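Here's the structure we're looking at; comments come further down.
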Amino acid sequence: MVIRFYNTYTKKKELFKPINKNEVTLYTCGPTVYKPIHLGNARTFLIEDLLRRHLEFSGFKVKQVMNITDVGHLTRDDIEAGEDKIQAEARRKKVTPKQIAEVNEKDFYAQMKQLNVLKAYKYPRATDHIKEMQDWIKKLLKNKLAYEVNGSVYFDISRFKNYGKLSGNTIANLKAGKSGRNLRSEDKKHFYDFALWVNDSEHLMNWKSPWCAKGYPGWHLECTVMATKYLGKQFDIHMGGEDNIFPHHEAEIAQAEGVTGKRWVNYWIHPRHLMVDKKKMSKRDGNFYTPEDIYSRGFTPRQLRFFLISTHYRTKLNFTFEALEASNKSLQKLITFIDDLQNASGRSAKDRKNLDIDGALSALRVKFIVSMNGDLNISGALGALFTFVTRINKHMRSGYISPADAKKILIQLKKFDKVLGVLFWKGTDKLSLEIKQLIKQREDARKKDDWATSDKIRDELRGMGIELQDVGAKTKVVVKFNV
Ligand SMILES: [Zn+2]
């Protein structure tokens, strides 16, 4: 089997060869749990899921670790300035940072489940690994790759010779571009050094350290430490959105290799940005969406998943509602095809000379697999699938697909769905506008003590895979979901 991925580190498509023959180790940068995830995050997590699923479909076991950032990620992470995102949100909402992190971490898992994203092997939290991070800093200080100033510790990038290899932001290039204005620069040897530990007695989440009484870890350090702890000193694939390439991933490499002295990650894979109406998503421009915003307009998680995975990950995907509608039509074609196959009652394809089901299926299998093996060429894989569907539909309409033929096709589609995760969908597909209206009607009925109507709607929803739990006057929706 020949799988190739584009490696940001070497800027080439490379043959994929895991360190261990049968198990792939995969680290994916997780959410900063200060707000619900947005559409761009969802796209990145779905591409990571697609890659993982394809590796599993190809016979590998995949050990995936995804961190939960619950401290240290600053509002201006490009220049390491501003306030901790979780603390800022806590202040705004007048609750504790822990409450903010807990609510959003829970919401993150629910969002992933709704989008049929496979569970990672582990979701380590930054705040649970403070000791390991401090130990890591001690090693960097010992190796003279870090230095302490006024109770804070910084990484000295001039001491790490491979700095810039991933992003192209070498020290020379950074100096030429002067892109590193930094509010804390007076403390640092160079403006582009980054924080490993920040002395800050005002920070609401703080820990004692050998360098200061109250401080917190730098965001980049979390990923280095947790990835290494759970996946080892060398592992196969590291993923994250392209905005993480610099400074986040560049810093992660410097910290890791600065301690281990070995190449840390073999393949760096980065999905491109998601655009909305051809622009970067922003609240100010009114083109900022979370998955929930999309569902509240009547679209389903299944439709969103299909839309977000069906453009190649190294293409900037432009989200518009028109594009989503168009994608829904394609998805519906697949859903209808499966329904029709499940009810197929025609004569055998063998009766028709120009139709060889086995041959057509094996050609489809080859095209699908070769496409996905080639740097996850999803367009090629789906293209082959749609051509096949059109061809079989024609024969089905003429009554030449028997239940036995249909079964063969369905078995193959189920295998492909291990990769796609959209064809045989259970539960969440029904969370449409119609469902939301039913839930609302039931809430109204409960307010009027109309228990008969309320129970009737509850049963109706249950039949659709939606379980309701009443918590006081509020209704919690539990979507039954099986992967
Ligand atoms: Zn990370």
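The residue of region 149-164 that is farthest from the chain's Cα centre (by Cα), among those that are surrounded by 17 or more Cβ atoms within 10 Å (Cβ to Cβ) and not aromatic (Phe, Trp, Tyr), is Gly151. Contact map, region 236-251: residues that are of a type outside the set (D, E, K, R) paired with residues that are within 11 Å of the ligand (Cβ to nearest atom), Cβ distance under 6 Å, separation 6+ or inter-chain. Pairs shown: His238/Tyr27; Met239/Thr28; Gly240/Cys29; Asn244/Cys29; His248/His220; Ala251/His220.
Checked against the criteria, Thr8 counts as out of contact with any Asp or Glu (no Cβ under 7 Å at 6 or more places or on another chain), closer than 24 Å to Ser379 by Cα and not assigned by TED's automatic domain parsing to the domain that holds Lys93.
Among the conditions (1) farther than 29 Å from Ser58 by Cβ; (2) part of a helix (DSSP H, G or I); (3) in contact with a Pro (Cβ under 8 Å, 6 or more places away or on another chain), Glu322 misses just one, which is (3). Just wondering, is there one or more residues in region 269-276 that are over 21 Å from the mean Cα position of the chain (by Cα), at pLDDT 95 or above and under 20 Å from Met239 (Cα atoms)? No, the conditions are met nowhere in region 269-276. Screening Met281 on (1) in contact with a helix residue (DSSP H, G or I) (Cβ under 8 Å, 6 or more places away or on another chain); (2) assigned by TED's automatic domain parsing to the domain that holds Lys131 shows it passes everything except condition (2). Among residues of region 249-282 being of a type in the set (A, V, I, L, M) and touching a His at 6+ places or on another chain (Cβ under 6 Å), the one that is farthest from Asp49 (Cα to Cα) is Ala251.
The set of residues from region 205-229 being away from the ligand (no atom under 13 Å from the Cβ), touching a residue at least 40 places away in the same chain (Cβ under 8 Å) and surrounded by 17 or more Cβ atoms within 10 Å (Cβ to Cβ) comprises Met205, Trp207, Ser209, Trp211, Cys212, Gly215, Tyr216. Residues that are touching a Ser or Thr at 6+ places or on another chain (Cβ under 9 Å) and among the basic types (Lys, Arg) within region 350-405 comprise Lys350, Arg352, Lys367, listed in sequence order. Of all residues in region 457-483, those satisfying the criterion of being at pLDDT 65 or above, outside any loop (DSSP other than H, G, I, E, B) and surrounded by 13 or more Cβ atoms within 10 Å (Cβ to Cβ) are Ile457, Arg458, Glu460, Leu461, Ile466, Glu467, Leu468, Asp470, Thr475.
Kindly evaluate Ser167 against the criterion of being within 16 Å of the ligand (Cβ to nearest atom), in a loop (DSSP other than H, G, I, E, B) and either surrounded by fewer than 22 Cβ atoms within 10 Å (Cβ to Cβ) or within 21 Å of the chain's Cα centre (by Cα) (or both). It is true that Ser167 is within 16 Å of the ligand (Cβ to nearest atom), in a loop (DSSP other than H, G, I, E, B) and either surrounded by fewer than 22 Cβ atoms within 10 Å (Cβ to Cβ) or within 21 Å of the chain's Cα centre (by Cα) (or both). The numbered conditions (1) at pLDDT below 95; (2) surrounded by 21 or more Cβ atoms within 10 Å (Cβ to Cβ) are all true for Gly298 except (2).
Within region 336-361, count every residue that is assigned to a helix (DSSP H, G or I) and either in contact (Cβ under 8 Å) with a residue 24 or more places away in the chain or surrounded by fewer than 12 Cβ atoms within 10 Å (Cβ to Cβ) (or both).
So the count comes out to 13.
Scanning region 365-390 for residues that are assigned to a helix (DSSP H, G or I) and within 23 Å of the chain's Cα centre (by Cα) yields Phe368, Ile369, Ser371, Met372, Asn373, Ile378, Ser379, Gly380, Ala381, Leu382.
Results for (1) more than 16 Å from the ligand (Cβ to nearest atom); (2) under 28 Å from Ile171 (Cα atoms), shown as yes or no for each residue.
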site: Ile245; (1), (2): no, yes
site: Glu250; (1), (2): no, yes
site: Arg272; (1), (2): yes, yes
site: Gln303; (1), (2): yes, no
site: Phe306; (1), (2): yes, no
site: His312; (1), (2): yes, no
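In summary, strands (runs of 3 or more DSSP E) completely within region 1-101 and bearing 3 or more residues that are in contact (Cβ under 8 Å) with a residue 60 or more places away in the chain and within 16 Å of the ligand (Cβ to nearest atom) occur at 23-28.
The values are calculated or read from the model by the stated rules, or taken from the named source; none is laboratory data. Here the structure is a predicted model, which means the values were calculated and not measured. When we count neighbours, we look across all protein chains shown, and the Cβ atoms used for this are built from the backbone with ideal geometry, even at glycine.
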